[in-house]
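Following: one structure in structure tokens, then a few remarks.
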Amino acid sequence: MSEDRSARVNEVDAADGGAMATATRHALEALAAADWLRAVVLASVAVALALGVTAVLIAISGKNPLVAYAAMVRGAVGSIDRIAFALNKSTPYILGGVGVALCFRARVINIGAEGQIAVGGIAATWVALNIAASSGAIVIPAAIVAAALGGAGWAAFAATIRLTRGVHEVLCTLLLNFVGLLLVSEALHGPMGEPGAGFPQSPLFKRPAWLPHLLAGTDLHIGILIAVFAIVACHLLLWRTTFGFRLRVLGASPAAAAYAGVSFPRCAFAVMALAGGLAGIAGGIEVLGVHYRLIEGFSLGFGFNAVAVALLASINPIAVLPAGLFLGFLEAGALAMQREVGVPSSLVFVIQGLTMVFVLCAIGIGIRQQRV
Amino acid sequence: MLEMRGIHKRYGPVHANRNIDLTVPLGKIVGLLGENGSGKSTLMKVLFGIVRADAGSITYKGRVLAGHSPRESIAAGIGMIHQHFMLVEAMTVTENIMLGWTRAGRWLRPREIAELIDGASCTYGLDVDPHATVGRLPYGQRQRVEIMKAILRGADLLVLDEPTSNLSPPEAGRLLEAMRRLREQGRSVIFISHKLGEVLDICDDIVVLRDGEVTGRCSAAGATRAELAHMMVGRDVTTPIHRVSRDPGPEILAVTGLLHTDESGVERLREVSFSLQTGEILAVAGVDGNGQADLVDAIAGLQRPDQGRVSLAGRDITRWSVQARLAAGLSYIPVDRSGTSIVPGMTVEDNLALREFNRVPLSRWCRLDRAGFRALAASGIARFGIRAGGPDAPARTLSGGNQQKIVVAREVGRNPRVLLAFQPTWGLDPGATRFVIDQVLALRQAGGAILYISAELDEVLTLGDRIAVMYNGRLSEPVRREETDRTTVGLMMGGFAPT
């Protein structure tokens, strides 16, 4: 009897809904495409507005904004070397940002990338200094894995405080950032410091521990490849695995997650550890690929930028790639602008900050439309 | 007294109101009938000045209202009673009524106001104690405080938006009585509802809306339920419910001595016990907020009871996880669609898979099987007639009825041993309501056991093999449907013990 009825319902639907359903589907597809397009347009408008306002600031400081921006563009993409520099800059932002994006997906507000990067850097340094292997094929993977474990452990520490003691994760991740930074100083003033150097830094790593370069003659190391790989992996994780499904449900509605039997503590712990691991890898790549040693404050500001990247990407893993590149190139360009035109590079923070404000406004406009 | 002409209101591509005319004569009750989303609320928001119409005119007592604010509407003599009350819980009735009422004067004169309240209480049969603290009053009384507020502020036209949906039958009866008194005093009422019986009972004229358009107008005298339902949904839905008598089988779910106290120290469940047999519907009547939510959550595993035991097919599941209960054949339709049983931002297929995404054939190991999702969606959409833009359309683009079809497809489609249905027809139009009820009955026929919780007396009486009433955290002893009647259940919902 029930089948009878549902069959009848279907007939009714088919009769008056067939053509309509097709039309609706086309309309929805167009809308979905438009959604994507809209995100890009909104982000571009936000960036343009930020650049516009900053131009005014540059003009006020007595420089020609057009000249300054030209220098900035040259500085970012003017030569292979500069592109390599910008890509290296982008790598930690991408790795940190994609982890933060996953956390935000599940409504876990992890702002501790900075500390996680710091601890990852310490772990990688320890391996690089203490494993006396002559082959990079052993030292580098070992150091990266150690960095991942270090970052993951640091994030897991914050998650444990959150889940067992109920301290909000914003607080514990933020405060552990300072602890992480101080751990670096502590290590450099103690066991890992270079004897005799007047500077808080570790000894230079031996050659095998240096990240191999992608392009001979430039500084471009393989970090960017790791970052791209991480992006793809996180994208698949979010959309193609049960864990990703859990994160999405959790982020969309905690009540629905409870109803679906998704455990918040387990998911929150796992996603924090994952994000921490990615941030830790970013830290490892910084010490192994850029500085070839641990130096004090090497992760300063990375945590904020990771959050910025995640938000700029509307917490979409794939979009973290362009967002992270954008920030990396912006920073590289700003440094060149400072050198060539004499505009203070602190203006880059102004651009960043303004972009964030405008993007967040744009997200505010579009947030109801977001697909999870 | 009120004339609305050619009201047009568009939200993006959706015509919420299309060329609507509404006339309310002096001293009459006009019923505004329609499904959810038919445009009733929009029309009233236009009237009250909360939203602005794209076209059309409003004349009230000979004055044209255009571009008016809610404040001006109140001043003009229109009173609106929302479903969510605008009362300060910590204050007394008198204080609430004085609040923001400029004519109460600059100096507070609580005694005079209290006398006014007492007077109006008698005139309109509202029975409001001016000295009571609002926070301690039950829902029905708070509603009467709101009505009092509107009347004292000089409202000659009262708009009541779904006023009976949270009332027990005796309270609803009192409200209808108060409305009659208002009419006798020469005031007009617009009564918004989707309950046909009440509308027929009390209104003088009835206006039916569907998809933003007026699909029928008639005087209540001479109209029938079937006609009204037809105007409301556009097709016949009142064919009698087909119910086969069936002997219940062995006990499948046993609940004993559930106790639960919430964080604020309120006892939500007090010694709730019952048992459920296969092929049986146990219908639980009760006004919202009497512990039903805690009961279903305890059985479904969303909340641990402080004490008591739940067993399914002889196994103690009190401490089982939601997933384990699900695997053991326990389905659950929660009351809250937007956010619990449906994730509006996720696609139709994700929503269909919401509770079993981590099991074959929807996933293997940790990898989602998108083909499995697609197949599940295709069969669900076909079998339950879900109207959607496609399996990958976001659930929020679906109507409430179709969203509930997703939930039903997910929870009933898996042929559960026990189904917990918590107000599964809440907020649905008659067509969708009927669909849900038919599915529940089909499940019973197939041998499923159903705990059906509802605030609708009609549903409880038509569906339940046995009927119990939940009041203030206690569940009455279930009785066979033949052994009880409307009045008894209605009284018990209001807290009166059966005699």
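When you look at B:Thr92, is it in contact with a Pro (Cβ under 8 Å, 6 or more places away or on another chain) and closer than 30 Å to B:Arg136 by Cα, yes or no?
Taking the combined requirement at face value, the residue satisfies it.
Please return the ranges of helices (runs of 4 or more DSSP H) entirely within the range A:231-335 where 2 or more residues are within 14 Å of another protein chain (Cβ to nearest Cβ).
Passing ranges, in order: A:242-252, A:254-259, A:264-285.
Would you mind finding the one in B:Val199, B:Val189, B:Val207 that is closer than 28 Å to B:Arg18 by Cβ and in a helix (DSSP H, G or I)?
B:Val199 is the lone residue from the list that is closer than 28 Å to B:Arg18 by Cβ and in a helix (DSSP H, G or I).
One line per residue, one yes/no per condition, for (1) free of Cβ contacts under 8 Å to residues at least 24 places away in the same chain; (2) exposed (fewer than 14 other Cβ atoms within 10 Å of the Cβ); (3) in contact with a strand residue (DSSP E or B) (Cβ under 7 Å, 6 or more places away or on another chain):
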residue	(1), (2), (3)
B:Leu99	yes, yes, no
B:Thr102	yes, yes, no
B:Pro110	yes, no, no
B:Cys122	yes, yes, no
B:Val128	no, no, no
B:Gly135	no, yes, no
B:Gly140	no, no, no
B:Gly154	no, yes, no
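What residue, among those in the range B:333-368 that are charged (D, E, K, R) and farther than 15 Å from A:Phe245 by Cβ, is farthest from the other protein chains (Cβ to nearest Cβ)?
My answer is B:Arg337.
Quickly run through the range B:193-204 and pick out the residues that are modelled with pLDDT of 90 or more and either buried (at least 19 other Cβ atoms within 10 Å of the Cβ) or aliphatic (A, V, I, L, M) (or both).
Hits for the range B:193-204 are B:Ile202, B:Cys203.
Take the range A:36-92 and flag every residue that is outside any helix (DSSP H, G or I) and of a type in the set (Gly, Ala, Ser).
Within the range A:36-92, A:Ser61, A:Gly62, A:Gly78, A:Ser79 meet the criteria.
Go through the residues of the range B:477-488 one by one and say whether even a single one is touching a helix residue (DSSP H, G or I) at 6+ places or on another chain (Cβ under 9 Å), of a type outside the set (Phe, Trp, Tyr) and under 15 Å from B:Ser168 (Cβ atoms).
yes
Pick from B:Arg355, B:Arg359, B:Arg374: which is assigned to a loop (DSSP other than H, G, I, E, B) and surrounded by fewer than 20 Cβ atoms within 10 Å (Cβ to Cβ)?
B:Arg359
Being touching a residue at least 24 places away in the same chain (Cβ under 8 Å), out of contact with any helix residue (DSSP H, G or I) (no Cβ under 7 Å at 6 or more places or on another chain) and assigned by TED's automatic domain parsing to the domain that holds B:Leu295: is that true of B:Leu451 here?
yes
For the range A:185-240, give me the residue count where each residue is at pLDDT 90 or above, of a type in the set (A, V, I, L, M, F, W, C) and farther than 27 Å from A:Pro322 by Cβ.
5
I'd like the residue in the range A:281-309 that is modelled with pLDDT of 90 or more and of a type in the set (Gly, Ala, Ser) and, out of all such residues, is nearest to A:Ala48 (Cα to Cα).
Across the range A:281-309, the extreme among qualifying residues is A:Ala306.
Pick from the range B:382-395 the residues that are part of a helix (DSSP H, G or I) and facing another protein chain (nearest Cβ under 9 Å): which of them is farthest from B:Asp438 (Cα to Cα)?
B:Ala382
Quick one: count up the residues across the range B:315-332 that are facing another protein chain (nearest Cβ under 8 Å) and assigned to a strand (DSSP E or B).
1
Here are B:Val255, B:Val287: which of them is β-branched (Val, Ile, Thr) and part of a loop (DSSP other than H, G, I, E, B)?
B:Val287
The values are calculated or read from the model by the stated rules, or taken from the named source; none is laboratory data. Bear in mind that the values here come from a model prediction, so they are computed numbers and not experimental data. When we count neighbours, we look across all protein chains shown, and the Cβ atoms used for this are built from the backbone with ideal geometry, even at glycine.
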